[in-house]
Amino acid sequence: MTVQPPNTTPKPIPDTKAPSSLLPNLPRNANVLIVRLRSIGDVVLTLPALQALHEWRPDLRIHMLVERLSAPLLEGHPAIAEVIVLRKFWETVRLLRQREFSIAFNMHGGPTSAFLTRLSGAPVRVCWAQRQFSSFYNVHVPIHFPVAGRMEMHTAEHRLQQLLYTGLPEMPLPAAKVYVNTDAADRVRRKLAEQGIGPDQPYAVMRPGASQANKRWPTKRFAAIAQWLREAHGIATVVNLGPGDEQIVAEVKQRFARLGIIVSDLDLRGLVALLAGSSLFIGNDTGPTHIAAALGRKCVVIFGASDSKVWSPWKTEYRLLENPFPCKQCPQGKCESLAASQCISAISVDEVRDACEALLQKSQEPRLRSSGSRE
């Protein structure tokens with residue numbers, strides 16, 4: 001028997017000077033790396049772009065590198081072949097190189113993601129132009145590359161930008177989707193039942209925290225909405241607190257002592273299940289807002305010093321409240337002419353109540369999307 005020598009012919013080098021040919025010319029079943037570290041809201045808003053890529057080329061194997069906190073958001077997602085959880089740096093590099101990626105997209109852009117993308121072994125490495133360590137990439141997406149003919153865009157559309165530039169055909173961007181873990185859903189139902197909220201009791205989830213003081217609507221106004229929901233609609237309130245909310249814990253406990261239950265010990269799977277079972281979500285501009293939207297929950301979102309055009313809920317029914325000041329989206333912690341930030345405190349209880357009322361008039365029973373389903 002003749003033994004054939006090993007094939008040492010080098011793989012063809014993709015033409016990075018013709019970026020729109022890169023995705024169409026990938027071989028069948030090619031491995032594609034998506035890097036998106038840090039916040040849960042950003043991870044959720046990356047999912048519509050990945051779903052669009054999957055619908056166009058379902059043969060491609062999409063691997064997503066995220067931090068451990070965000071990994072549960074990707075469980076059961078039909079577009080994602082593998083979730084790679086960030087580990088120690090060189091351990092992560094070894095995991096990436098084992099997969100022989102044909103192309104890598106850095107949809108984060110920070111230094112850690114830049115080094116991981118560079119060392120991933122992918123011959124094509126894509127990021128936006130003018131980012132840190134630009135020499136690590138051989139495809140630079142122009143920062144003003146249009147999506148749907150526009151240069152101003154939502155965060156979900158911004159994630160699509162890299163894929164369009166490298167050859168994904170323009171198409172309607174779908175909603176984000178996250179899936180409920182059935183064990184977590186059972187645990188949340190039991191926890192709510194222990195607090196007096198049975199399976200037939202409608203409830204709203206409130207998220208009064210935020211990463212900055214000028215993105216937090218006053219807690220006492222959330223409490224006023226909770227009281228109105230109970231008296232006018234018979235809707236219970238579940239207040240969810242998370243990491244970073246230590247500054248408001250005492251006030252939340254005081255304000256909601258007789259108005260609702262406070263849940264602060266849920267992991268991310270539990271938070272997804274809690275939101276999925278709710279009739280309404282009311283909160284500031286935070287990551288859980290985008291999870292609620294991805295679950296198809298109706299959302300009332302209160303904006304302070306962040307850009308609602310960029311961070312509004314994506315493709316769910318919602319009402320958005322923001323201040324009327326020309327200086328909104330101010331990066332400062334306080335107004336220049338006042339002692340404290342006024343941008344979010346200018347929004348009244350009446351405005352938020354009217355927004356809730358408008359959504360509740362169209363209310364329907366929530367339906368859990370199970371991680372075992374493929375809707």
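The values are calculated or read from the model by the stated rules, or taken from the named source; none is laboratory data. All figures in this text were calculated on a predicted structure; none of them were measured in a lab. Glycine also receives a Cβ, built like all others from the backbone with ideal geometry; neighbour counts cover every protein chain displayed. The accessibility values were calculated without ligands, DNA or RNA, using every heavy atom of the protein model including side chains. Shrake-Rupley method; radii C 1.70, N 1.55, O 1.52, S 1.80 Å.
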Of everything in the stretch 187-223, what is free of Cβ contacts under 8 Å to residues at least 60 places away in the same chain and not β-branched (V, I, T)? Give them in sequence order.
R190, A193, E194, G198, P199, D200, Q201, K220, A223
Would a scan of the stretch 81-101 turn up a residue that is open to solvent by 10 Å² or more (accessible area, probe 1.4 Å), of a type in the set (A, V, I, L, M), at pLDDT 95 or above and part of a loop (DSSP other than H, G, I, E, B)?
yes
Please determine, by comparing only the residues of the stretch 13-63 that are among the small types (G, A, S) and in a loop (DSSP other than H, G, I, E, B), which one is least open to solvent (accessible area, probe 1.4 Å).
A30
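Right, D285: surrounded by fewer than 19 Cβ atoms within 10 Å (Cβ to Cβ), out of contact with any Gly (no Cβ under 6 Å at 6 or more places or on another chain) and not β-branched (V, I, T) or not? Full working, then the answer.
Values: surrounded by fewer than 19 Cβ atoms within 10 Å (Cβ to Cβ): no; out of contact with any Gly (no Cβ under 6 Å at 6 or more places or on another chain): yes; not β-branched (V, I, T): yes.
When the stated conditions are applied, D285 does not pass them.
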Flagged in the stretch 215-253 as touching a helix residue (DSSP H, G or I) at 6+ places or on another chain (Cβ under 7 Å) and among the aromatic types (F, W, Y), in numbering order, are W228
Count - residues of the stretch 120-143 that are surrounded by 13 or more Cβ atoms within 10 Å (Cβ to Cβ) and at positive phi:
2
Among (1) at pLDDT below 95; (2) touching a helix residue (DSSP H, G or I) at 6+ places or on another chain (Cβ under 8 Å), where does Q212 come up short?
(2)
Considering residues that are open to solvent by 50 Å² or more (accessible area, probe 1.4 Å) and not hydrophobic (A, V, I, L, M, F, W, C), the number found within the stretch 68-80 is 2
Where R230 falls short, out of the listed (1) buried (at least 20 other Cβ atoms within 10 Å of the Cβ); (2) at pLDDT 95 or above
(1)
